[in-house]
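S.K.: The structure's right below; bear with me while I get my questions together.
The values are calculated or read from the model by the stated rules, or taken from the named source; none is laboratory data. Predicted model only: the values in this text are computed from it and were never measured. Cβ: placed from backbone, ideal geometry, glycine included. Neighbour counts: every protein chain shown.
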Amino acid sequence: MQTDVATPSRRPQFGLQPTLAWTAMLGLVFFSLLCILAHAGGLLRLAYPAGALAVGLFLFRRYPVLYLGFAWWLAFLTPFVRRLIDFQSGWVDPSPVLLAPFLVMMLTGLTFVQHFPRYLRQDGLPFILSAGGVLYGMLVGLIKYPPTAVVVPLLNWLAPILFGFHLFVNWRSYPAYRQNLERVFLWGVLVSGAYGVLQYLIAPEWDRFWLINSKSIAFGTPEPLGMRVFSTMNSPGPFATVMMAGLLLLFSSQSMLRFAAVGVGYLSFLLSLVRSSWLGWVVGVVMYIPSLKPRLQMRLIVTILVMAICVIPLVNMQPFSGAIAARLQTFSNTQNDVSYNQRLEGYGQILGDALAEIPGNGLGFVLANDSLGSNDSGILSMLFNLGWFGTIPYLGGMILLFFSLFRGTEGRSDPFVSASRAISLGVFAQIGLGSSTLALSGVVMWSFAGIALAAQRFYRQQQLLSEVGSE
């Protein structure tokens with residue numbers, strides 16, 4: 001396999017190198033743009049995921065670092081591409097376009113198969129346990145439902161685990177992967193945050209079209225100043241999770257672009273009105289600061305103060321302050337919070353049924369007449385889909401994962417490691433309020449956990465080499 005994983009230079013690189021890889025990626029971009037301009041959305045619905053998978057496979061084999069960035073940008077932008085296609089060529093749900101990022105991430109299943117025996121008794125056990133729980137749910141689902149009903153849930157459950165495992169086992173490439181993730185999320189926050197603010201102010205026609213046809217009442221009204229921001233992503237929840245991760249990473253960024261990213265990032269993050277992600281961000285910050293050396297703590301506190309100076313005037317400016325302030329007030333006034341009360345009532349109605357699921361219903365299960373929505377709780381989703389037989393290894397793998405994450409001290413000298421741990425825990429902390437371990441939110445959690453574990457192995461190896469060299 002040709003590698004592009006040598007430790008990168010700190011000097012900025014402006015050329016699109018390697019040429020062959022960028023030709024493949026830009027080819028997909030220009031082909032998609034051409035189809036949209038030519039109103040050939042029907043063709044693009046199938047060509048887009050097929051083309052993304054072909055490019056992803058090429059990058060996976062030849063340019064692994066670029067593959068990582070390509071997969072993330074697909075996750076960030078594919079729902080936006082879907083909305084443009086539907087706006088031009090008619091509403092289709094479910095849309096095959098949305099499969100693209102998860103099909104590309106499933107390529108890391110090749111890494112899982114290759115390294116499974118070696119890491120069974122090593123630090124890879126959390127990923128293997130959780131993947132085993134998902135595969136159990138898949139088998140039950142295939143017995144009970146048509147295979148087509150199991151495909152999308154399998155991608156949502158399994159792709160995040162495989163993607164995180166891929167980052168972990170490629171620990172030797174940690175410096176290059178770290179730089180790639182920092183760059184991807186810097187630009188991701190900037191682009192998605194800026195579009196999110198624009199979406200709130202003008203409500204583009206394709207976003208209004210999607211909101212009307214999806215009948216997602218909880219996402220606001222299809223008019224300017226009426227939407228809960230979801231930016232280029234599929235709904236406010238995954239968008240807020242991605243922004244939470246990016247904003248935590250920006251604390252350690254040295255790029256001058258970080259100040260622009262912070263402004264639009266925090267504003268759109270708050271306009272998403274996703275309280276669980278707001279709480280996840282607080283959990284992340286609380287975990288992040290104490291894990292650093294005192295010198296880095298002071299630098300981080302100064303950075304937070306500078307960011308606050310940039311953000312607070314924007315948040316208190318009309319027309320943004322009204323929606324944000326009203327949502328913040330729900331933390332102290334739960335009696336009039338319809339969403340909170342519905343969720344509480346739903347838990348009371350179906351929690352007993354969920355706890356009684358021993359074998360589970362399998363992936364593809366949809367709870368009939370669900371006032372809460374099994375997707376509104378990761379705990380209920382686990383119990384209904386996996387049962388206790390699948391939930392025990394799946395949840396046990398995650399608990400073991402966090403135990404492994406926080407036993408090392410690498411984060412005290414590497415802020416990226418501390419941020420990665422904080423991001424993973426911040427996402428996991430939302431499990432009672434949403435399916436935070438699945439789909440794009442799950443990719444965020446498992447990926448940053450995977451790269452934090454990779455950092456542990458990388459620094460241990462560096463220390464061993466240093467000790468050998470000093471003898």
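S.K.: Collect the residues in the range 352-362 that are assigned to a helix (DSSP H, G or I) and either at pLDDT below 80 or among the charged types (D, E, K, R) (or both), keeping them in residue-number order.
M.R.: ASP353
Okay, residues lined up against (1) farther than 21 Å from PHE230 by Cβ; (2) in a helix (DSSP H, G or I):
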site: SER418; (1), (2): yes, yes
site: LEU425; (1), (2): yes, yes
site: GLN430; (1), (2): no, no
site: SER436; (1), (2): no, no
site: GLY442; (1), (2): no, yes
site: PHE448; (1), (2): yes, yes
site: ALA455; (1), (2): yes, yes
site: PHE458; (1), (2): yes, yes
site: LEU465; (1), (2): yes, yes
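S.K.: Can you spot a residue in the range 286-293 that is in the same structural domain as SER418 (by TED's automatic domain parsing), under 19 Å from ALA422 (Cβ atoms), assigned to a loop (DSSP other than H, G, I, E, B) and of a type outside the set (Val, Ile, Thr)?
M.R.: yes
S.K.: Yes or no: GLN456 at pLDDT below 95 and in contact with an Asp or Glu (Cβ under 6 Å, 6 or more places away or on another chain)?
M.R.: yes
S.K.: What is the one condition in (1) farther than 21 Å from VAL65 by Cα; (2) surrounded by fewer than 24 Cβ atoms within 10 Å (Cβ to Cβ); (3) at pLDDT 95 or above; (4) in contact with a Ser or Thr (Cβ under 8 Å, 6 or more places away or on another chain) that ARG208 does not satisfy?
M.R.: Of (1) farther than 21 Å from VAL65 by Cα; (2) surrounded by fewer than 24 Cβ atoms within 10 Å (Cβ to Cβ); (3) at pLDDT 95 or above; (4) in contact with a Ser or Thr (Cβ under 8 Å, 6 or more places away or on another chain), only one is false for ARG208: (4).
S.K.: Out of PRO153, PRO117, PRO101, I need the residue that is in the same structural domain as PHE70 (by TED's automatic domain parsing) and at negative phi. Which one?
M.R.: PRO101
S.K.: Let me ask something else about it. List every residue pair whose Cβ atoms lie under 7 Å apart, where the two residues are 6 or more positions apart in sequence or sit on different chains, the first residue falls within the range 65-90 and is in contact (Cβ under 8 Å) with a residue 40 or more places away in the chain, and the second residue, located anywhere, is basic (Lys, Arg).
M.R.: Final answer for the pair search is ILE85/ARG45.
S.K.: Report yes if GLY27 is modelled with pLDDT of 95 or more and either outside any helix (DSSP H, G or I) or surrounded by fewer than 16 Cβ atoms within 10 Å (Cβ to Cβ) (or both), otherwise no.
M.R.: Spelling it out, GLY27 is indeed modelled with pLDDT of 95 or more and either outside any helix (DSSP H, G or I) or surrounded by fewer than 16 Cβ atoms within 10 Å (Cβ to Cβ) (or both).
S.K.: Moving to a separate point now. Do you know which residues across the range 101-123 are in contact (Cβ under 8 Å) with a residue 12 or more places away in the chain and either in contact with a strand residue (DSSP E or B) (Cβ under 6 Å, 6 or more places away or on another chain) or polar (S, T, N, Q) (or both)?
M.R.: THR108, THR111
S.K.: Still on this model: Please verify whether the range 437-445 includes one or more residues that are surrounded by 24 or more Cβ atoms within 10 Å (Cβ to Cβ), more than 17 Å from the chain's Cα centre (by Cα), at pLDDT below 95 and closer than 26 Å to MET105 by Cβ.
M.R.: Among the residues of the range 437-445, not one is surrounded by 24 or more Cβ atoms within 10 Å (Cβ to Cβ), more than 17 Å from the chain's Cα centre (by Cα), at pLDDT below 95 and closer than 26 Å to MET105 by Cβ, which makes the answer no.
S.K.: Can you tell which of VAL189, VAL184, VAL229 is assigned to a loop (DSSP other than H, G, I, E, B), modelled with pLDDT of 95 or more and outside the structural domain of GLY41 (by TED's automatic domain parsing)?
M.R.: VAL229
S.K.: Taking the stated definitions as given, is ARG172 surrounded by fewer than 21 Cβ atoms within 10 Å (Cβ to Cβ), over 18 Å from ILE85 (Cα atoms), touching a residue at least 12 places away in the same chain (Cβ under 8 Å) and within 20 Å of the chain's Cα centre (by Cα)?
M.R.: no
S.K.: Then there's this: If you check PRO313 against the conditions, is it in a loop (DSSP other than H, G, I, E, B) and not aliphatic (A, V, I, L, M)?
M.R.: In short, no.
S.K.: Quick one: which residue in THR330, THR409 is at pLDDT below 90, touching an Asp or Glu at 6+ places or on another chain (Cβ under 6 Å) and not small (Gly, Ala, Ser)?
M.R.: Just one listed residue meets the conditions, THR330.
S.K.: When the range 394-435 is examined, which residues are found to be more than 26 Å from THR303 (Cβ to Cβ) and surrounded by 20 or more Cβ atoms within 10 Å (Cβ to Cβ)?
M.R.: Answer for the range 394-435, where residues must be more than 26 Å from THR303 (Cβ to Cβ) and surrounded by 20 or more Cβ atoms within 10 Å (Cβ to Cβ): TYR394, LEU395, GLY397, MET398, LEU401, ILE431, LEU433, GLY434, SER435.
S.K.: Could you check, for the range 336-345, whether at least one of its residues is modelled with pLDDT under 70, within 30 Å of GLY226 (Cα to Cα) and touching an Asp or Glu at 6+ places or on another chain (Cβ under 7 Å)?
M.R.: Scanning the range 336-345, I find at least one residue that is modelled with pLDDT under 70, within 30 Å of GLY226 (Cα to Cα) and touching an Asp or Glu at 6+ places or on another chain (Cβ under 7 Å), so the answer is yes.
Let's see how each residue does on (1) surrounded by 19 or more Cβ atoms within 10 Å (Cβ to Cβ); (2) under 20 Å from PRO204 (Cβ atoms); (3) modelled with pLDDT under 95; (4) among the small types (Gly, Ala, Ser):
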site	(1), (2), (3), (4)
ARG62	no, no, no, no
LEU66	yes, no, no, no
LEU84	yes, yes, no, no
PRO101	yes, no, no, no
MET105	yes, no, no, no
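S.K.: Just to be sure I understand the filter: pairs with C-beta atoms under 7 Å, separated by 6 or more residues or on different chains, first member in the range 195-212 and not assigned by TED's automatic domain parsing to the domain that holds GLN88, second member in a helix (DSSP H, G or I) and of a type in the set (A, V, I, L, M). Which pairs pass?
M.R.: GLY196/LEU271; VAL197/VAL264; VAL197/LEU267; TYR200/LEU271; TRP206/LEU84
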